[in-house]
Amino acid sequence: MLLNSVSSGISIILIIPLLASVGIDVGDNSTNSGAVKYIVDFSESVGVQLNFALVLCLYLVVIIFMASLSFVSSVVTTALTQSFIIDLRNEVNRSLFYAQWQYINGQYLSDFIRLLTGQINRVGSCLNSLLSLISSLILVCVYVVFAMLVSVELTALALLCALLLAAALLPINKRIHKSGGVGLSANIDIQRSIYDNVNSLKIIKSFAAEEQYLARMMRSNTVLESQLVRLAKFNALTRWVNLVGAAVIFTVLFYSSFQWLNLPIANLLVILFIFSRLMPQVSGIQNTIQRLIHQAPTFEDLMRRLAELNQWSEKFNITSSHDAPTFRKKIEIKGLSYQYADKSVYAFSGIDACIQCNETVAIVGRSGAGKSTLADILSGLLPQTSGEIWIDDVLLSDDNRLAWRPKVAYVTQEVFLFHDTVRANLDWVTNGKVCSDDDLWRALKLAAADGFVRSLPHGLETIIGDRGIKLSGGERQRLALARALLSDPDVLILDEATSALDNKNEQLIRDALVALDGQLTILIIAHNEATIEHVQNRIVLV
Ligand SMILES: Nc1ncnc2c1ncn2[C@@H]1O[C@H](COP(=O)(O)OP(=O)(O)OP(=O)(O)O)[C@@H](O)[C@H]1O
Ligand SMILES: [Mg+2]
């Protein structure tokens, strides 16, 4: 940046000898000050006579050097910005993955999508602006130094005028920051609407509620639009002030150099040329500063979110020295209670129970009694508010909860499937262990899913659509069960996992579970008594 700016300054100063070589008054060398004197002295000391052709060649060399530097600098700036964006996205992603479930549970998930996409890109483009701002500032400083070499008085006068101009624009910046904040809120609203709308397209259409949802979207769009127009207005006003200001400075400089300073015409031309190149830079700097001020709330929000995620970090990770508790005998639950942070009453409290290894236990209770919450705690997703869980002789705690999690397979009513093949939806749970077709079919058979997978057009290679939309609800649940079994867990938790199945398929799964009895520990949550009629041991929540 500095090299580029210095070359640019030299290229301008070279105009003086150039003008001299075509016969324009550059003043007597003895009366010349600064740069002109240095250039002439230097050329004389190396025994070279500055003539028209030589100065033109010099000018060309400097310009080519400048253009090459600017090429390198724009490539480096882009590389820096992109690597900053990728690093930041990785960091936010990692913090999100390792944030505690109790924190994520209470958040608007669309906020994380916004954070990881548009918001990080906007912060990245701010870095780009910041780098170009630094480069412009260096250029301005170098121009000012070169201008000083030509005439100190005139440059000081111009600087004074420029400072007055910048001060006049200060109040606008405050308004721009406020407008950036309002724009960010509108953006958050828009993203939330998009997320809700895309997730509920089917239900919106079935209730014919399209217009209602479009109206919500329109409201946020209008707020955002008005903020963007406001910003454009501020930018235009700044440009207006700069243009008028530049004209005033130009007039003042011209007048003073003639009336008081008696500068040679070539020096005056060079100074005016420097300022004519300086003014767009100054105007660009102000626009960049305004863009940065407008984006400041976006940056602040991102940093606040990142700090919040890190504050809720699980503080340990799966590769840490804390081993998962081994489960060979029993899980003991002692006085277990849980209260959600935003609730005044406990989801459940004072639960005592004992689950023997390889037995099947049903968790029963009315809707809202806390069954799913208990399953979340037993699977290591949530830490209890009070009480203890002992796995054999090891206390389940913050130190080993994350390591315990892969030992538990959890199948819920909402099945997580993605837009890929049956195989890809199954085998990602084996933690890198190669999974043969036989393993896959065995798990599918246990989950009573082998029949329908065989009938799919490409069997295991069939793409099942976004969230498995090309499958029926029951088929999705059976795939999720097969996946859970494939992970070879110590404990299998089924939370209403068979509620979408018909009697025949539920019977098939029940048979499969009965067959698994004694091979692994199974916890079943089900409202339908038929699903758990074969289970003797029960944890009852009231
Ligand atoms: N993320 C949450 N934040 C705040 N409160 C919650 C949250 N999830 C559940 N609750 C509350 O905790 C209590 C227990 O909920 P839970 O989902 O565990 O019940 P459940 O027994 O599984 O019910 P169901 O049989 O209807 O699935 C309920 O009062 C519920 O409103
Ligand atoms: Mg539940």
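For (1) more than 16 Å from ligand 1 (Cβ to nearest atom); (2) at pLDDT 95 or above; (3) farther than 18 Å from I524 by Cβ, each residue gets a yes or a no:
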position	(1), (2), (3)
T288	yes, no, yes
R291	yes, no, yes
I318	yes, no, yes
C357	yes, no, no
G365	no, no, no
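How many residues are without any contact (Cβ under 8 Å) to a residue 40 or more places away in the chain and open to solvent by 30 Å² or more (accessible area, probe 1.4 Å) when one looks only at the stretch 365-375? Residues flagged as without any contact (Cβ under 8 Å) to a residue 40 or more places away in the chain and open to solvent by 30 Å² or more (accessible area, probe 1.4 Å) within the stretch 365-375 amount to 1. The strands (runs of 3 or more DSSP E) located wholly in the stretch 432-542 that include 3 or more residues which are open to solvent by less than 10 Å² (accessible area, probe 1.4 Å) occupy 491-495, 521-525. Taken over the stretch 197-233, residues that are outside any helix (DSSP H, G or I) and among the aromatic types (F, W, Y) amount to 1.
Inspect the stretch 317-334 for any residue being away from ligand 2 (no atom under 16 Å from the Cβ), of a type in the set (F, W, Y) and open to solvent by 70 Å² or more (accessible area, probe 1.4 Å) and give the result as yes or no. Within the stretch 317-334, not a single residue is away from ligand 2 (no atom under 16 Å from the Cβ), of a type in the set (F, W, Y) and open to solvent by 70 Å² or more (accessible area, probe 1.4 Å). Summed over the stretch 406-422, the residues that are free of Cβ contacts under 8 Å to residues at least 60 places away in the same chain and either open to solvent by 50 Å² or more (accessible area, probe 1.4 Å) or within 16 Å of ligand 1 (Cβ to nearest atom) (or both) give a count of 4. Just a yes or no: is a residue in the stretch 38-59 surrounded by fewer than 12 Cβ atoms within 10 Å (Cβ to Cβ), closer than 30 Å to A403 by Cβ, at pLDDT 65 or above and not hydrophobic (A, V, I, L, M, F, W, C)? No, there is no match, as no residue in the stretch 38-59 is surrounded by fewer than 12 Cβ atoms within 10 Å (Cβ to Cβ), closer than 30 Å to A403 by Cβ, at pLDDT 65 or above and not hydrophobic (A, V, I, L, M, F, W, C).
Among the residues making up the stretch 335-344, a single one is within 16 Å of ligand 2 (Cβ to nearest atom) and surrounded by 17 or more Cβ atoms within 10 Å (Cβ to Cβ): Y338.
All conditions in (1) within 30 Å of the chain's Cα centre (by Cα); (2) more than 16 Å from ligand 1 (Cβ to nearest atom); (3) open to solvent by 20 Å² or more (accessible area, probe 1.4 Å) hold for P383, with the sole exception of (2).
Could you please let me know if K371 is among the charged types (D, E, K, R), within 13 Å of ligand 1 (Cβ to nearest atom) and closer than 10 Å to I539 by Cβ? When the stated conditions are applied, K371 passes them. Scanning the stretch 483-499 for residues that are hydrophobic (A, V, I, L, M, F, W, C), over 17 Å from E414 (Cβ atoms) and under 34 Å from the mean Cα position of the chain (by Cα) returns a single hit, L486.
Looking across the stretch 453-469, the residues that are in contact with a helix residue (DSSP H, G or I) (Cβ under 8 Å, 6 or more places away or on another chain) and of a type in the set (G, A, S) come down to G459, G468.
Summed over the stretch 61-71, residues that are closer than 17 Å to L133 by Cα and open to solvent by 80 Å² or more (accessible area, probe 1.4 Å) total 1.
Of all residues in the stretch 104-117, those that are of a type in the set (D, E, K, R) have Cβ atoms under 9 Å from Cβ atoms of residues that are surrounded by 13 or more Cβ atoms within 10 Å (Cβ to Cβ) and modelled with pLDDT of 90 or more, 6 or more apart or on another chain, in D111/R305.
Whether a residue is more than 9 Å from ligand 1 (Cβ to nearest atom), within 35 Å of the chain's Cα centre (by Cα) and surrounded by 21 or more Cβ atoms within 10 Å (Cβ to Cβ) was assessed, and L378 passes this test. Being out of contact with any Cys (no Cβ under 8 Å at 6 or more places or on another chain) and closer than 18 Å to T412 by Cα is true of L513.
When G518 is tested against the conditions (1) in contact (Cβ under 8 Å) with a residue 60 or more places away in the chain; (2) within 16 Å of ligand 1 (Cβ to nearest atom); (3) not hydrophobic (A, V, I, L, M, F, W, C), the lone failure is (2). When F258 is tested against (1) open to solvent by less than 80 Å² (accessible area, probe 1.4 Å); (2) assigned to a helix (DSSP H, G or I), only condition (1) is not met. For the stretch 261-305, how many residues are open to solvent by less than 20 Å² (accessible area, probe 1.4 Å) and free of Cβ contacts under 8 Å to residues at least 12 places away in the same chain? Counting residues in the stretch 261-305 that are open to solvent by less than 20 Å² (accessible area, probe 1.4 Å) and free of Cβ contacts under 8 Å to residues at least 12 places away in the same chain gives 0. Taking the conditions exactly as written (over 30 Å from T373 (Cβ atoms), open to solvent by less than 50 Å² (accessible area, probe 1.4 Å) and at pLDDT below 85), does N32 satisfy them or not? Yes; evaluated as a whole, the condition is true for this residue. In the stretch 377-389, is there at least one residue being free of Cβ contacts under 8 Å to residues at least 12 places away in the same chain and hydrophobic (A, V, I, L, M, F, W, C)? Within the stretch 377-389 (the criterion being free of Cβ contacts under 8 Å to residues at least 12 places away in the same chain and hydrophobic (A, V, I, L, M, F, W, C)), the answer is no, since none of the residues qualifies. Is it the case that A341 is modelled with pLDDT under 90 and over 20 Å from E91 (Cα atoms)? Taking the combined requirement at face value, the residue satisfies it.
With respect to (1) of a type in the set (D, E, K, R); (2) within 16 Å of ligand 2 (Cβ to nearest atom); (3) in contact with a helix residue (DSSP H, G or I) (Cβ under 6 Å, 6 or more places away or on another chain), the lone exception for D450 is condition (2). From the list A362, A353, A347, the one residue that fits, being among the aliphatic types (A, V, I, L, M), farther than 24 Å from S313 by Cα, more than 32 Å from the chain's Cα centre (by Cα) and surrounded by 21 or more Cβ atoms within 10 Å (Cβ to Cβ), is A362. With S68, S135 as the choices, which residue is farther than 30 Å from Y340 by Cα and touching a residue at least 12 places away in the same chain (Cβ under 8 Å)? Going through S68, S135 in turn, the sole match is S135.
The values are calculated or read from the model by the stated rules, or taken from the named source; none is laboratory data. Just so you know, these numbers come straight off a predicted model, no measurement behind them. When we count neighbours, we look across all protein chains shown, and the Cβ atoms used for this are built from the backbone with ideal geometry, even at glycine. Protein only, heavy atoms only, side chains kept; ligands, DNA and RNA dropped before computing areas. Shrake-Rupley method; radii C 1.70, N 1.55, O 1.52, S 1.80 Å.
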